[in-house]
Amino acid sequence: MKPVPLSTPARRLAGFALLAASVGFTGLLTFVQAVAGLFR
Amino acid sequence: LNPYRGGDKLPTWWTALRGVPIAAMALPFIPSLMLALAGGNGRLIGGCLAGIAGVVAAMARLRRARRHDARQAGVLLGVGTGLAAAFAGGTGPIGGVVLGLMAWGGARLLYDGVVEMAPPAPPPPPHADGLDPVRARLAALLSGDPRLLPAATAMRGLLDEITLRPAEGTQARRVLMMGVDGLERIAARLARGAAPPETLPALVDDLARAARDAGHGLRATETEALDIQVKVLQDRLRQEGIA
C-alpha cells in the first residue's frame, strides 16, 4: 500500500500548526518562566 | 516530502515576508527576554537569546531565498527553539529536543518547495592562454608614464584581439611581446630620470601603428575565413536546390 502524500495546502497547514505548537508554545513557556522568576 | 520544486528565477519582493509567521509566533520571546533581564537569571536570558537568534537567523535565510535556504532555516529554527525550550522554557533536555524537532518539521512542511534562486555562479575561470603576465605588465604601463600611453593603449587593443583568437596570431604575439618589452624598458629609464630623446614620440607612434596593424591583420584573417564559409554554404544550398 502506497502512502498518500499530503496536498500542498494541507502540508502548509500542518507545518503552520507544528510551528505554532513548537515555537509559539516555547515562547509562552519562557514567558511563564520569566514571570515566575520575578516572584521567586 | 517533495524535493526542491522552485524555479531558478529571482524570487519576488514578497519573499522577504516569508519569515513573518515565525516572527509572529516568536513574539512572546521579547517580553520574556525583558523580564529575564530584569530578574537577572542567566539561564533564562541565554535561552531567550537562543530562541530569538534562531528565529532571526531563520528569517534571514528565508529572506535570502537561495537554493536550500528554506531547509537551513528549518534547522536553525529547530536548534534555536530547542535551546530556548531547554534553558528558558524549563522543559529539560528531552522536551527541548522534542520541541526543536517539531519546529524543524513545521518549517520543513511550511516552506518545502518554495521558490528559491540558484546560488551565485562561480567566478569565471582565469584566462588559460598564458597571457596573464602580459596583461599585468600592460596594466602597469597604462597607469605609468603618459608619454607611452598611446602605444600601451594600442598594445592593450592588440592583446584583446589575441585573447579572442588564442590559437592564431603568432606574428601578432611577437609584435605584442616586443612592444611590451620595449615600452617597459623605456618606462624604466624615464622613471629613473632620463631625458626622452626627440625621436621618442615617433617611436611610440610606430609601436602604436604596428599594434593596430597586427590587430587589423588578425581581424582580416577572420573576415577572410568568414567569406570562404559564406561562399561554401551558398554553393551547398545551390547544390541541394534549396536556394
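Every number in this text was worked out from the coordinates using simple rules, so none of it is lab data. Keep in mind that this is a model prediction, so the values were computed, not measured. In this analysis, Cβ positions are derived from the backbone assuming ideal geometry, glycine residues included, and neighbour counts consider all displayed protein chains.
Using the Cα atoms as the points, what is the convex hull volume per residue of the range B:44-179 in Å³? Could you put the intermediate results ahead of the total?
On the way: hull volume 25.3 nm³, N = 136.
Dividing the Cα hull volume of the range B:44-179 by its residues yields 186 Å³.
How far is helix B:29-39 tilted off the main Cα axis of chain B, in degrees rounded to 10, range 0 to 90? Value to nearest ten degrees: 70. Label reach from B:Ala24 (point 7 Å along Cα→C-beta): in the range A:8-37, amide nitrogens under 18 Å belong to A:9-28. Shape annotation for the range B:148-229: C-alpha extents along the principal axes are 54, 20, 16 Å, from largest to smallest.
Once the C-beta distance of B:Asp235 and B:Thr199 is scaled by a Förster radius of 41 Å, the resulting FRET efficiency is 0.20 to the nearest 0.05.
Spherically averaged projected area of the convex hull of Cα atoms, chain B: 26.8 nm².
For the range B:47-147, the dipole from Cβ point charges (+1 on Lys and Arg, -1 on Asp and Glu) about the Cα centre works out to 100 debye, to the nearest 20. Our note on the geometry: Cα centres of the range B:35-70 and the range B:162-238, 61 Å apart. Packing around the peptides B:65-71, B:29-35, taken as the average count of other Cβ atoms within 10 Å per residue, puts them in this order, highest first: B:29-35, B:65-71. Per residue of peptide B:44-54, the mean number of Cβ atoms on other chains within 10 Å of the residue Cβ is 2.
From other protein chains only, count the Cβ atoms within 10 Å of every residue's Cβ in A:9-18, then give the mean. Intermediate results must be reported in sequence, preceding the final value.
Values: counts 0, 1, 7, 6, 2, 4, 10, 6, 4, 10.
Counting Cβ atoms of other protein chains within 10 Å of each residue's Cβ and averaging gives 5.
Checking the a/c ratio against 1.5 first, then a/b against b/c, what shape does the Cα gyration tensor give for the protein assembly as shown? List each step's numbers first, then the result.
Values: a/c = 5.61, a/b = 2.14, b/c = 2.62.
Taking the square roots of the gyration eigenvalues as a ≥ b ≥ c, the protein assembly as shown is oblate.
As a length-normalised measure over Cα pairs under 8 Å and 6 or more apart, the relative contact order of the range B:80-134 settles at 24 percent. Only helical runs count toward this figure. For chain B, summing -39,500 (n - 2.57) over DSSP H runs of n ≥ 4 and dividing by all residues gives -23500 deg cm²/dmol at 222 nm.
With contacts taken as Cα pairs under 8 Å and at least 6 residues apart, the range B:122-212 reaches a relative contact order of 40 percent. Take the convex hull of the alpha carbons in chain A; its mean projected area over all directions comes to 3.8 nm².
Using r as the Cβ-Cβ distance of B:Arg209 and B:Ala167, and R0 as 35 Å, what FRET efficiency do you calculate, to the nearest 0.05?
On the way: r = 25 Å, r/R0 = 0.72.
For B:Arg209 and B:Ala167, the calculated efficiency is 0.85.
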